[in-house]
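Input: a single structure, listed below in structure tokens.
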Number of protein chains: 2
Amino acid sequence: LGDSARVPYGTRSPDTVRRYAWNCSRFLVDRGLKMLVVACNTVSALAIGALSEGLEVPVLGVIRAGARAAMKHPGVGRIGVIGTAGTVQSGAYVRELSQLARDVQVFQNPAPLLVPLVEEGWIVGDVPHLAVRRYIAPLVEKRVEVLLLGCTHYPVLRPVIEEEMRALNSTAVVVDSATSMAREVYDALAEQNLLSRRNDNGTLQCCVTDLPGNFGESAGRFLGRSVGHVEKVDIS
Amino acid sequence: LGDSARVPYGTRSPDTVRRYAWNCSRFLVDRGLKMLVVACNTVSALAIGALSEGLEVPVLGVIRAGARAAMKHPGVGRIGVIGTAGTVQSGAYVRELSQLARDVQVFQNPAPLLVPLVEEGWIVGDVPHLAVRRYIAPLVEKRVEVLLLGCTHYPVLRPVIEEEMRALNSTAVVVDSATSMAREVYDALAEQNLLSRRNDNGTLQCCVTDLPGNFGESAGRFLGRSVGHVEKVDIS
């Protein structure tokens with residue numbers, strides 16, 4: 001479910017994010033789920049506690065997976081995080097990373113314009129390069145060894161981000177939560193004996209609250225393949 | 001009232017814009033108004049008919065005022081309009097300008113990234129200049145004589161827009177709806193015998209649906225002065 005009638009969440013208050021996250025989650029759980037993955041860093045940072053307590057299925061967020069991906073690189077002491085204003089202000093990544101390694105140093109910078117850039121498809125050229133440089137320069141100055149992409153939109157800009165890191169003479173590794181999130185979902189399903197017994201790849205069903213056509217296009221850009229029919233739903 | 005819990009409207013579908021516009025207008029009219037000004041181009045373009053029919057007070061939108069401001073320049077034949085995707089797709093400016101002068105030619109280009117740039121306060125420097133250039137270049141190529149700023153955020157970028165027009169060797173005049181809107185409100189109040197009989201400047205009351213602090217800051221940037229206390233309200 002993409003709440004395209006109310007995105008972006010990253011610039012809103014914690015209370016508003018929690019209210020919207022609750023609407024979305026309730027809608028999905030009522031459709032019959034065995035597990036809910038909150039694939040948005042802002043919601044994971046601000047609402048995962050409330051959702052886990054209030055919903056009757058296991059809930060996994062992307063913050064822990066992102067933190068684990070960052071800590072996979074042995075000996076890492078200085079980690080940079082870019083994310084939405086909401087994610088950065090929540091301090092969720094700082095808490096999660098500090099739990100994984102007590103002596104890690106975390107440097108954050110909100111990068112709010114990257115979301116509209118990706119939504120507009122401005123992912124090559126001067127504008128994304130200049131915006132990315134402005135956001136990562138303060139983190140490169142702190143000599144971070146890992147740069148964690150703390151927003152699900154940012155991996156689309158990974159080539160730009162990596163090029164700008166090199167241009168600023170940083171050798172930091174750029175990581176995101178995707179692979180480690182998928183692994184975490186598998187492990188959680190296995191642990192709770194929820195793995196499917198069917199021997200196929202399952203199906204993908206996409207719902208949005210507005211403009212299914214635009215979502216289909218964006219999703220194609222993110223995933224490099226079509227997501228098929230996108231259903232418009234009313235969750236209010 | 002600023003619906004900061006659900007902005008931006010310019011990227012949403014007509015149905016969603018109408019639903020949100022109705023919420024906001026109902027809330028304001030229920031507080032007791034003698035007139036409602038829709039100071040958003042997207043809502044004016046997509047919902048002014050529904051609001052005028054459904055509400056019990058006169059409703060004025062910014063599209064007509066913007067079109068009149070553009071036509072003030074005698075002999076104008078070619079007009080460029082930048083606005084949100086919603087405003088441009090609605091064709092509202094094309095209709096309104098054609099009613100004022102049958103032989104006018106209107107060229108439009110959506111400029112969606114300018115809203116987040118202004119919201120982030122990136123109103124000087126390379127990024128706004130490059131983004132503005134990209135949006136206005138196709139209109140300059142059409143040799144427009146007037147460039148109409150069809151979104152209430154854009155006047156904040158007027159210095160950048162005017163500089164880029166000059167850099168592209170255009171001598172077009174840049175106009176927005178603000179002054180002609182104020183005049184239209186005065187005329188409509190006078191015509192309907194609704195002018196205040198009190199002899200003071202009135203008071204400004206600002207409400208938002210999220211993050212009153214951020215709104216206060218942005219409004220200061222737009223207006224060049226403080227707007228005083230901002231009230232957070234729930235309109236859902």
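Going down the table (A:34/A:232; A:34/B:232; A:72/A:142), which pairs top 31 Å between alpha carbons?
Distance filter (> 31 Å) returns A:34/B:232.
So what J values fall out for region A:7-20 if you push phi through Karplus, 6.51 cos²θ - 1.76 cosθ + 1.60 with θ = phi - 60°, rounded to Hz, Gly and Pro as x?
5, x, 7, x, 9, 9, 6, x, 4, 5, 4, 5, 5, 5
For chain A, take the longest principal axis of its alpha carbons; what is the angle in degrees between that and the long axis of helix A:158-167, to the nearest 10 within 0 to 90?
10 degrees
How large, in percent, is the carbon and sulfur part of the accessible surface of region A:1-77 at a probe radius of 1.4 Å?
55 percent
Quick one: with label points 7 Å out along Cα→Cβ, list the inter-copy distances for residue A:193 in nm, shortest first?
Sorted ascending, the copy-to-copy spacings read 8.1 nm.
Among A:189-196, B:107-114, what's the highest-first ranking by average C-beta atoms within 10 angstrom per residue?
Packing proxy ranking, top to bottom: B:107-114, A:189-196.
What angle, in degrees between 0 and 90 and rounded to the nearest 10, separates the Cα long axis of helix B:178-191 from the longest principal axis of the Cα atoms of chain B?
The helix B:178-191 is inclined about 40 degrees to chain B.
Can you pull the Rg over Rh of region B:1-148, Cα-only, Kirkwood?
Using only Cα positions, Rg/Rh for region B:1-148 is 0.99.
Compute the accessible area per residue over region A:78-203, keeping the other protein chains in place, probe 1.4 Å, unit Å². The partial results should precede the final answer.
On the way: 6470 Å² over 126 residues.
Normalised by residue count, the accessible surface of region A:78-203 is 51 Å².
Closest beta-carbon to the A-to-B rotation axis: which chain A residue owns it, and what is the separation in whole Å?
Nearest Cβ to the rotation axis, residue and whole-Å distance: A:116, 2.
Tell me the distances, shortest first, between residue B:33 and the same position across the other copies, using label points 7 Å along Cα→Cβ, in nm to one decimal.
Label-point separations across copies, in nm and ascending: 3.8.
Taking the 0 to 90 degree range and rounding to the nearest ten, how far is the long axis of helix B:212-223 tilted relative to the main principal axis of chain B, both from C-alpha atoms?
The angle comes out near 50 degrees.
Provide, for q = 0.18, 0.29 Å⁻¹, the log10 of I(q)/I(0) from a solvent-free Debye sum over equal Cα point scatterers in region B:159-200.
Debye curve over Cα of region B:159-200, log10 I(q)/I(0) at q = 0.18, 0.29 Å⁻¹: -0.63, -0.97.
Alpha carbons only, please: Rg and Dmax for region A:1-56, in angstrom.
10.6, 30
Which one of B:160, B:29, B:185 has the biggest mean-square fluctuation once chain B is modelled by GNM with Cα springs under 10 Å?
Checking each option, the largest mean-square fluctuation is seen for B:29.
Given the DSSP H assignment, sum -39500 (n - 2.57) over each helix run of at least 4 residues in the protein assembly as shown and divide by its residue total; what's the result at 222 nm in deg cm²/dmol, nearest 500? Each step should come with its number before you reach the end.
Values: 20 runs with 230 residues, N = 472.
It lands at -15000 deg cm²/dmol.
Once you have a ≥ b ≥ c as the square roots of the Cα gyration tensor eigenvalues for region B:119-236, tell me rounded if a/c is under 1.5, and otherwise prolate or oblate according to whether a/b is larger than b/c.
oblate
From Cα coordinates alone, what are the radius of gyration and Dmax values for the protein assembly as shown in angstrom?
Taking only Cα atoms of the protein assembly as shown, I get Rg and Dmax of 24.3, 79 Å.
Output, in nm with one decimal and in ascending order, the distances from the residue B:95 label point to the matching label points of the other copies (7 Å from Cα along Cα-to-Cβ).
5.0
Chains B and A: buried accessible surface, both sides, probe 1.4 Å, rounded to 100 Å²?
2300 Å²
The values are calculated or read from the model by the stated rules, or taken from the named source; none is laboratory data. Computed from a predicted model, the values in this text were never measured in an experiment. Because the Cβ atoms are built from the backbone with ideal geometry, glycine has one as well, and the counts that use them run over all protein chains shown. Side chains are part of the model used for accessible areas, which takes the heavy atoms of the whole protein and leaves out ligands, DNA and RNA. Shrake-Rupley method; radii C 1.70, N 1.55, O 1.52, S 1.80 Å.
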